[in-house]
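Derivation of every value follows stated rules applied to the coordinates shown; laboratory data play no part. Since we're looking at a predicted model, the values are computed, not measured. Here the Cβ positions follow ideal geometry from the backbone for every residue, glycine too, while neighbour counts run over all protein chains shown.
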Amino acid sequence: MVAGGRRLELPASEKGGSKTGPSPVDRGRRGSKHHLLVDGGGLPLAWTLTAANRNDVTQLLELLDRVPPVRGRPGGPRRRPHSLLADRGYDHDKYRRLVWNRGIKPIIARRQTDHGSGLGRDRWVVERTFSWLHNRRRLLLRTDRRDDIHEGFLALACCLICWRRLETSLS
């Protein structure tokens, strides 16, 4: 903190907060990006927060590592999903190999090909979950300078989505 007139202000280098960066789609304004991994029904399984200028594929392996164990048939619990659907932003051969090595089948649209891969039939589930998250204004417009507070609200919103889904399935 530095003295600025009559009150203490953050230095100019810290005004944007941590995990913020220039947005490539919003005229270079500083912002954050939410990354989600959801199941087939849209329930958030893992999430991360990065600066707006980070590439999506950099968070792919971290999201996969955050998936909790899945209960199933007798034996060791399945720790990974069977397949991964992703858009063109995740199309890198290196990451395809790494996902295959984890025992997950990557279904990723190829760059520089015609649209119509058919992934849109399934990708809308992720977009719907993003809209559920961004119905909370505090997540849509980041006003918190501290990234841990924003990540806490992101985790709380994901828990609320799971709670509401559980509540509707029980009634």
Need the list of lysines near K19 for cross-linking: C-alpha distance under 30 angstrom, and skip anything on the same chain fewer than eight residues off. K33, K94
Note: region 112-171, point scatterers on Cα, Debye, no solvent; log10 I/I(0) at q = 0.24 Å⁻¹ equals -0.97
In region 93-171, what trypsin sites (Lys or Arg not before Pro) fall in a loop by DSSP, with at most 16 other Cβ atoms inside 10 Å? R102, R110, R111, R136, R145, R146
Per-pair calculated FRET efficiency, R0 = 30 Å: K105 and S171 via Cβ, rounded to 0.05: 0.30
Cβ density ranking, 10 Å radius, fewest first, applied to D114, D87 yields D114, D87
N53's amide H: which non-local residues (gap 5+, or another chain) put their own amide H closer than 5 Å, with H modeled 1.01 Å from N in plane and none for Pro or chain starts? G21
Amide H neighbours of I107 under 5 Å, at least 5 residues apart or on other chains, H built in the peptide plane: list them. L84, L85, A86
